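Take a look at the structure set out below.
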Amino acid sequence: MILSIESSCDDSSIAITTIANKKLIFHKKISQEQEHSRYGGVVPELASRLHAVALPQILEECKEYFPHLKAIAVTNQPGLGVTLLEGIAMAKTLSILLEIPLIAVHHLKAHIYSLFIEKDSIIPLLVLLISGGHTQVIRVESLGRMEILATSMDDSVGESFDKCAKMMGLGYPGGPIVEKLAKDGDEDRFDFPVPLRNSPLIAFSLSGLKNAVRLQVEKCRDESGDISLQDQRDISASFQKAVKLHLLQKSKKIFAKESISDFAIVGGASANRYIRDGYLKLCREFGKRLHSVPLEYCSDNAAMVGRYAIDAYHNGDFTDPNEIDVVTTKKYDNGTLL
């Protein structure tokens, strides 16, 4: 079995996965959303302290599996440095004490492998990764070759949803709140700009749309500074529509060039059913098969880390526990190989 650890942001998670049949034996995640909600976003130092408490609590439940472990896997990039260190410290200790190999896992690759939890992998594959930190289209050719075809020039999809919610004085994380409000809103009431609509660039950009939302929120405030529920619904729906159209417009250009017939949506923001429905129609138009992640595995989790680690284990991709390090500041341009 492989024990996997995830601590790249605000979710403390550990999983145990059987190597031979990919079966998920144990999986637990402790979310910090409630602790961070009062700040409207993740506070790194607070997240690190909470990981230091939660990870050992979860590990205590895994001791019965220690004799069966063949490797330890841990996310080491990208993410928040102070939170990644918590998971890495635990992984290094376990690897050395149990005398088993250590597998360093790239967080974005783990999200792609969330598609394959308890399943065989589907490769080659085109992937849209939309999360709190990333918005990318990736061509997956093999375990060791994943190329970014398009990436965000500024804000990510998940970040823009969070900021939209924060502008309206709503809670964190903003994605589920905005999606829920949008269901009862008029998506045509506010004509928010679709980013890069007339640009030939195959890239994503959400900062301009975010600013348009901010200006509209200010216009909708009453004398006391409040925004009506219906205004919140209509802003959410109009914003969500603009995001979807932006993603689809740029993805359509990629679909026209790429012959790969399997396409998937992964990452925390991929839980948005409105966006999923848009891609279902686009895939039908281009004759591609759409794959999506079960909702419980869309956000950060150790199960996806463990599933990637199985293929890495078979490939012999091990890291010296004395040399593993945190990688936090890497710019992902088009053409970057993960």
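The values are calculated or read from the model by the stated rules, or taken from the named source; none is laboratory data. What you are looking at is a predicted structure, and each value in this text was computed from that prediction instead of being measured. Positions of Cβ are backbone-derived with ideal geometry, glycine not excepted, and every protein chain shown enters the neighbour counts.
Going by the conditions given, is Ala303 of a type in the set (Gly, Ala, Ser), over 28 Å from Leu247 (Cα atoms) and either assigned by TED's automatic domain parsing to the domain that holds Leu24 or in contact with a Cys (Cβ under 7 Å, 6 or more places away or on another chain) (or both)? Write out each step before concluding.
Working: of a type in the set (Gly, Ala, Ser): yes; over 28 Å from Leu247 (Cα atoms): no; either assigned by TED's automatic domain parsing to the domain that holds Leu24 or in contact with a Cys (Cβ under 7 Å, 6 or more places away or on another chain) (or both): yes.
Here the answer is no, as Ala303 does not meet what is asked.
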Residue within the range 277-300 that is basic (Lys, Arg) and closer than 23 Å to Gly132 by Cα present: no
Selection count where residues are of a type outside the set (Val, Ile, Thr) and either in contact (Cβ under 8 Å) with a residue 60 or more places away in the chain or closer than 17 Å to Leu128 by Cβ (or both), scope the range 202-241: 8
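Please indicate, with yes or no, whether at least one residue in the range 176-191 is within 24 Å of Leu126 (Cα to Cα) and modelled with pLDDT of 95 or more.
Taking the range 176-191 as the starting set, the residues that turn out to be within 24 Å of Leu126 (Cα to Cα) are none.
Looking through the range 176-191, none of the residues is within 24 Å of Leu126 (Cα to Cα) and modelled with pLDDT of 95 or more.
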Residues being part of a loop (DSSP other than H, G, I, E, B), at pLDDT below 95 and aliphatic (A, V, I, L, M) - total across the range 6-57: 2
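Out of the residues in the range 293-338 that are hydroxyl-bearing (Ser, Thr, Tyr) and at pLDDT 95 or above, which is farthest from Gly144 (Cα to Cα)? Outline the logic, then answer.
Step one: filter the range 293-338 for residues hydroxyl-bearing (Ser, Thr, Tyr), giving 297, 299, 308, 313, 319, 328-329, 332, 336.
Narrowing the set further to residues that are at pLDDT 95 or above leaves 297, 308, 313, 319.
On the way: Tyr297: 23, Tyr308: 11, Tyr313: 13, Thr319: 15 Å.
Selected residue: Tyr297.
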Subset of the range 284-337 [more than 21 Å from the chain's Cα centre (by Cα) and hydrophobic (A, V, I, L, M, F, W, C)]: Phe286, Phe318, Ile324
Residues located in the range 67-100, provided they are farther than 20 Å from Lys29 by Cβ, in contact (Cβ under 8 Å) with a residue 40 or more places away in the chain, more than 19 Å from the chain's Cα centre (by Cα) and not in a strand (DSSP E or B): His68, Lys70, Lys92, Ser95, Ile96
Scope the range 281-305; condition surrounded by 14 or more Cβ atoms within 10 Å (Cβ to Cβ) and within 28 Å of Tyr172 (Cα to Cα); matching residues: His291, Ser292, Val293, Tyr297, Cys298, Ser299, Asp300, Asn301, Ala302, Ala303, Met304, Val305
